[in-house]
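Undergrad: Input: one structure, supplied below.
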Amino acid sequence: MYNMMDSIDKSDAEIYELIKKEGARIRNGIELIPSENFTSKAVLQAYATLCTNKYSEGYPGKRYYGGNQFIDLIESLAIERAKKLFGAEHVNVQPYSGSPANQAVFFALLNLHDTFMGFDLSAGGHLTHGSPVNFSGRNYNCVPYTVDKETELLDYEQIEKQAEKIKPKMILSGLTAYPRKIDFKAFKEICDSVNAYHFADIAHIAGLCATGLHQNPVPYCDVVTTTTHKTLRGPRGGIIMCKTEDKLDKNGKKNLAEKIDAAVFPGLQGGPHDHVNAAKAVAFKEALQPEYKQYCSQIVKNAKALADSLMSQGLDLVTGGTDNHLMVIKLVNKGLIGRGKEIQNALGEAEIYVNKNTIPYEPNTPFNPSGIRLGTPAVTTRGFKESEMEVIGKLIAKVIDNYQDKGVIEKVRNEVLELCKHFPLYPGLDILR
Ligand code: DSN
């Protein structure tokens, strides 16, 4: 048994108890938030190491502090493994997470107030893709593109027309709540036609891209970012992948890779989190194994099974289904416009964890939206397969149809607890005893 907690329980009983409760929550519940996952024990172990103590501003072989001979090797392994996983020319593994990674890309490629196009947040983009409340929308001029009102799909002809009119310096492709495949090649062609950078944020679908279950954007992009903790199943963190050549600045003093590195450090960050980079390296090695491809393929099968089950119970899904790891339930046909928060809470009481989400052309507000987003990376790690997905779809529908009925919620909760007992999480980990 790996005893991670034998010191905290003595030195900080309050935090120990709370971590234990969080352990019980994830063990007893069904985790369907599509951006969450459960790392391997090896990743947790690498994360919880003394590498957290080191300072190593700079890059392997070019540090501002001494004593980095082993940190250099750790970071270099993380870089080489990420390059292999995605076929990338250059990788920076230092971003603290996805938002800082995206911020570094903006910093490297654009000047303040430059115009770019990003995917509208309410239709499936991310805050850092140009939302007016985020640095990306406040410091740069974002002209968002969105999905077609009827099909709820990205309409590449429309995006191309918009790009011709706007002449953006960069187009950002990527998703956090779009349940279909993205045609990164089509985005590249649009970018080439208007001489714009193509930047893809694949935080959600990185694992599917690395294993060929989704088109890999790396050949079609100038820069690609991803978090490392979603489908990639690594520690909390981010990475940036890019080409070396800067197509809009071929004779500049720095090439694209140098610009990205300089934007991360010294541009935005200080010392890299070396314990996290060690854990990233472990996760990338795991993702290079054949079992990881099987895992990703099961994520997609499970998502389809869950979507089918929800639809068979009369629930409407954005775009009518899913091609990836996530789906968004539209509560509109159930007369539940703006009830996403209540439904999220009712499902939470039944130990089914999801998040409220806007739907395309949201009729209500982002805080009280009309959708529920769910996904299968975490439950697939736990070992759930299609038959469990069918059951879970029915349980979710039961809660949605009776979200104010405490008796029904309690019955569903008991079924959830029973199901989870058969799929132990982190067996042998001391915090979950
Ligand atoms: N917060 C993440 C998500 O849930 O999609 C994106 O950063």
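The values are calculated or read from the model by the stated rules, or taken from the named source; none is laboratory data. Note that the coordinates shown come from a computational prediction; the quantities given were computed from them, not determined experimentally. Virtual Cβ from ideal backbone geometry, glycine too; neighbours counted across all protein chains shown. We work out accessible area using only protein heavy atoms, side chains counted, and drop any ligands, DNA or RNA first. Shrake-Rupley method; radii C 1.70, N 1.55, O 1.52, S 1.80 Å.
Undergrad: Rounded if a/c is under 1.5, else prolate if a/b is larger than b/c, else oblate: which is the stretch 1-92, with a ≥ b ≥ c the root eigenvalues of its Cα gyration tensor?
TA: oblate
Undergrad: About its Cα centre, what dipole magnitude does the chain give when the only charges are +1 on Lys and Arg Cβ and -1 on Asp and Glu Cβ, stated in debye to the nearest 20?
TA: 360
Undergrad: So which trypsin sites (Lys or Arg not before Pro) in the stretch 337-385 end up in coil per DSSP with only 14 or fewer other C-beta atoms within 10 Å?
TA: Passing both the DSSP loop test and the Cβ count: 385.
Undergrad: For the stretch 112-182, just run the numbers: alpha carbon Rg, then divide by 2.2 N^0.38 Å, N being how many residues it has.
TA: Cα Rg divided by the expected 2.2 N^0.38 Å: 1.04.
Undergrad: What is the chain's relative contact order, in percent, from Cα pairs under 8 angstrom and six or more apart in sequence?
TA: 23
Undergrad: Count the net charge of all other residues whose Cβ sits under 9 Å from the Cβ of residue 145, scoring Lys and Arg as +1 and Asp and Glu as -1.
TA: -2
Undergrad: Next question. Enter the accessible area of residue 54 (Å², nearest 10), with the probe set to 1.4 Å and all protein chains included.
TA: 60
Undergrad: Which far-off residues, 5 or more places away or on another chain, put their amide H under 5 Å from the one on residue 155, with H placed in the peptide plane?
TA: Amide H neighbours of residue 155, under 5 Å, 5+ apart: 148.
Undergrad: Related question: For the chain, state the average projected area of the convex hull of the C-alpha atoms over all orientations, rounded to one decimal in nm².
TA: Numbers: hull surface 84.0 nm².
Mean shadow area of the hull around the Cα atoms is 21.0 nm².
Undergrad: What are the ³J(HN,Hα) couplings of the stretch 304-315, residue after residue, when phi is run through the Karplus curve with 6.51, -1.76, 1.60 and θ = phi - 60°? Round to Hz, x for glycine and proline.
TA: Result, ordered by residue: 5, 5, 5, 4, 4, 5, 4, 5, 5, 8, x, 8 Hz.
Undergrad: Turning to a different aspect of this structure: Pick from 263, 200, 42 the residue whose mean-square fluctuation is largest in a GNM of the chain, springs joining Cα atoms under 10 Å.
TA: 42
Undergrad: Does the stretch 173-300 classify as rounded, prolate or oblate by the C-alpha gyration tensor (a ≥ b ≥ c root eigenvalues; a/c under 1.5 gives rounded; else a/b over b/c gives prolate, otherwise oblate)?
TA: In terms of gyration-tensor shape, oblate.
Undergrad: Counting DSSP beta bridges with both partners in the chain, what percentage is antiparallel, nearest 5?
TA: 60
Undergrad: On to the next question. Can you tell me the length gained on complete extension of the stretch residue 406 to residue 193, counting 0.36 nm per residue apart and subtracting the Cα distance?
TA: Values: separation 213, 0.36 × 213 = 76.68 nm, distance 5.65 nm.
Extra length from residue 406 to residue 193 when fully extended: 71.0 nm.
Undergrad: DSSP loop (so not H, G, I, E, B), at most 11 other Cβ within 10 Å: list which chymotrypsin sites (Phe, Trp or Tyr not before Pro) in the stretch 351-420 pass both filters. All intermediate terms of the calculation are to be shown ahead of the outcome.
TA: On the way: sites: 353, 361, 367, 384, 403; in loops: 361, 367, 384, 403.
Answer in residue order: 367.
Undergrad: Restricting attention to the stretch 108-163, which GluC sites (Glu not before Pro) occupy a DSSP loop and are surrounded by at most 10 other Cβ atoms within 10 Å? Intermediate results must be reported in sequence, preceding the final value.
TA: Values: sites: 150, 152, 157, 160; in loops: 150, 152.
Those that pass, being in a loop and sparsely packed, are 150.
Undergrad: Which shape class applies to the stretch 246-343: rounded if a/c is under 1.5, otherwise prolate when a/b exceeds b/c and oblate if not, where a ≥ b ≥ c are the square roots of the Cα gyration tensor eigenvalues?
TA: Prolate is the answer for the stretch 246-343, as a/c is 1.5 or above and a/b outweighs b/c.
Undergrad: Okay, helix-only estimate at 222 nm for the chain: each DSSP H run of n ≥ 4 adds -39500 (n - 2.57), divide by all residues, round to 500 deg cm²/dmol; what do you get? Numbers along the way, then the final one.
TA: On the way: 16 runs with 179 residues, N = 433.
Calculated from helices alone, the mean residue ellipticity at 222 nm is -12500 deg cm²/dmol.
Undergrad: Step by step: find N for the stretch 314-409, compute 2.2 N^0.38 Å, then divide the Cα radius of gyration by it. What's the final number?
TA: Scaled against compact globular proteins, the figure is 1.03.
Undergrad: So how exposed is residue 286, as accessible area in Å² (1.4 Å probe, rounded to 10)?
TA: That residue has around 60 Å² of solvent-accessible surface.
Undergrad: Select from 238, 173, 288 the residue farthest towards the positive end of the dipole of the stretch 173-316; place +1 on Cβ of Lys and Arg, -1 on Cβ of Asp and Glu, and compute about the Cα centre.
TA: 288
Undergrad: Something else now. In whole Å, what is the distance between the alpha-carbon centres of the stretch 34-73 and the stretch 384-433?
TA: 36
Undergrad: Calculate one ³J(HN,Hα) per residue across the stretch 157-168 by plugging θ = phi - 60° into the Karplus curve 6.51 cos²θ - 1.76 cosθ + 1.60, and present them in order as whole Hz with x for glycine and proline.
TA: 5, 5, 5, 5, 4, 5, 5, 4, 6, 7, 6, x
Undergrad: For every other residue with a beta carbon closer than 15 angstrom to the beta carbon of residue 85, add +1 if it is Lys or Arg and -1 if Asp or Glu, then tell me the sum.
TA: Result for the neighbourhood of residue 85: +4.
Undergrad: Most fluctuating residue of 64, 197, 295 in a GNM of the chain with Cα springs under 10 Å: which is it?
TA: 64
Undergrad: Could you compute the net charge surrounding residue 345? Neighbours are other residues with a C-beta less than 15 Å from the C-beta of residue 345; K and R count +1, D and E count -1. Please report the intermediate quantities before stating the final value.
TA: Working: positive: 25, 339, 341, 356, 373, 406, 413; negative: 342, 349, 351, 405, 410.
Local charge sum for residue 345: +2.
Undergrad: Right, something else. Expressed as a whole percent, how much of the Cα-Cα distance distribution for the stretch 380-423 exceeds 14 Å? Can you show the working numbers first?
TA: Numbers: 474 of 946 pairs.
The answer is 50 percent, as a whole percent.
Undergrad: Moving to a separate point now. Go ahead and set up a Gaussian network model of the chain, Cα springs under 10 Å, then flag whichever of 261, 12, 72 fluctuates most.
TA: Taking springs between Cα atoms under 10 Å, the residue moving most is 12.
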